[in-house]
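Each remark here refers to the structure printed beneath this line.
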Amino acid sequence: MSNSLPIISLSKLAEKDAQEVEKLYNVCCDNGFLYLKDHGVPLSTIRDTIKACRAFFELPDDIKRNYGQEHQKVHPNTSRGYSPLGGETLYGAAGADPKEIFDFGFDKPPSDQPFTGPNFMPDDTVAPNFTASLYKLQHEIMSKVAPKLLRGFALALKLEEDWFDKYFDDPVLLQRVIYYPANGGKAGKHTDNGIFTVLIQEPLPSPSLRVYTEDHWIDGPCPEELFVINLGDMLQLWTDGLFVSTPHEVIHDLPVTRISLPSFVYPNIDTILEPFGTDKKISTKEVMLKNFDSIWVSKKGGGMRVDELK
């Protein structure tokens, strides 16, 4: 029984290192959570983004609310913009989460498709470098990390390395900034809904992330040089349960605020998942909409049910 998350080298995956590919396969089958090193994203970019994000969340509430979900132009509008403390419910039994968030995605023209369209973000007169740093980080993750990970997953599954490419030539990205208040910030236990998540944690003295793996909870420390990667429900569905989407939660009890930067990666919005070895067909769009309804409307919680976990 392990009490730490395994570490995978993205550069070794990109080189098709057989041992690293096998290690990735085992991690995806066993617990679906890992640290990623050699990702190529400059620490300076991450530090600049965290600094700009903290400054935004320290603005007066009435200014932040100018960028709230009700002002967004994407359907569902809960996938974009600022949400105050208690806006989101990731675990229904625990109630609304004590955290603030700001959501955005690829900035695109208005669209009839859900989760697709323009972002409404503060400019530098309101929040200096907030938007620019987040877009820069978005580019780094989606150009340097996501494509190599997808090819690593394909190799681990013994598919052609470009097998996933056709499903990700116009992917959906739900990018988020989370601001946990000091002494009591939380994200209820849940699973992520997409293919995988790239999580950047602010380096703090003790961890707030907790991961349910191998039938027990472990801490997920936050070393500055490592990203956290966790698999989502869609990849579990796609592989017919071979790769696992792992429950996790955040309990932040430190006397300082905490910035967290997750990027939730989804395939093209019109992708139909065909779970391996079955004749099932699952609509990506329907899975996403159902999840957002569960979090924001019915408030039952996010991802797959985790009620049985202690």
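What is the one condition in (1) surrounded by 17 or more Cβ atoms within 10 Å (Cβ to Cβ); (2) part of a helix (DSSP H, G or I) that residue 62 does not satisfy?
If we test residue 62 against (1) surrounded by 17 or more Cβ atoms within 10 Å (Cβ to Cβ); (2) part of a helix (DSSP H, G or I), just (1) comes out false.
Looking only at strands (runs of 3 or more DSSP E) that fall completely inside the stretch 224-290, which ones have 2 or more residues that are closer than 15 Å to residue 31 by Cα and of a type in the set (Val, Ile, Thr)?
Values: elements: 227-231, 248-252, 258-268.
Correct list: 227-231.
Kindly provide the set of residues from the stretch 96-114 that are out of contact with any Leu (no Cβ under 7 Å at 6 or more places or on another chain), in contact (Cβ under 8 Å) with a residue 40 or more places away in the chain and farther than 19 Å from residue 178 by Cα, ordered by number.
113
Conditions (1) at pLDDT 95 or above; (2) farther than 26 Å from residue 119 by Cβ; (3) touching a helix residue (DSSP H, G or I) at 6+ places or on another chain (Cβ under 9 Å), marked per residue:
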residue: 169; (1), (2), (3): yes, no, no
residue: 180; (1), (2), (3): yes, no, no
residue: 204; (1), (2), (3): yes, yes, no
residue: 208; (1), (2), (3): yes, yes, no
residue: 221; (1), (2), (3): yes, yes, no
residue: 224; (1), (2), (3): yes, yes, yes
residue: 233; (1), (2), (3): yes, no, yes
residue: 250; (1), (2), (3): yes, no, no
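Answer yes if at least one residue in the stretch 80-94 is under 21 Å from the mean Cα position of the chain (by Cα), over 20 Å from residue 196 (Cβ atoms) and of a type in the set (Lys, Arg), and no otherwise.
Yes: one or more hits.
Here is a check on your reading of the model: is residue 116 buried (at least 16 other Cβ atoms within 10 Å of the Cβ) and over 30 Å from residue 225 (Cα atoms)?
On the way: buried (at least 16 other Cβ atoms within 10 Å of the Cβ): yes; over 30 Å from residue 225 (Cα atoms): yes.
Yes.
Being part of a loop (DSSP other than H, G, I, E, B) and touching a residue at least 40 places away in the same chain (Cβ under 8 Å) is the filter; apply it to the stretch 123-161 and report the residue that is farthest from residue 51 (Cα to Cα). Lay out the reasoning, then the answer.
Filtering the stretch 123-161 down to residues part of a loop (DSSP other than H, G, I, E, B) leaves 123-129, 157-161.
Narrowing the set further to residues that are touching a residue at least 40 places away in the same chain (Cβ under 8 Å) leaves 126-129, 157, 161.
Details: 126: 15, 127: 11, 128: 10, 129: 9, 157: 39, 161: 37 Å.
The selected residue is 157.
If we scan the stretch 77-92, do we find a residue that is touching a strand residue (DSSP E or B) at 6+ places or on another chain (Cβ under 7 Å), part of a helix (DSSP H, G or I) and surrounded by fewer than 17 Cβ atoms within 10 Å (Cβ to Cβ)?
No, the stretch 77-92 contains no residue that is touching a strand residue (DSSP E or B) at 6+ places or on another chain (Cβ under 7 Å), part of a helix (DSSP H, G or I) and surrounded by fewer than 17 Cβ atoms within 10 Å (Cβ to Cβ).
The values are calculated or read from the model by the stated rules, or taken from the named source; none is laboratory data. Predicted model, so just to flag it, every value in this text is computed and none were measured. Virtual Cβ from ideal backbone geometry, glycine too; neighbours counted across all protein chains shown.
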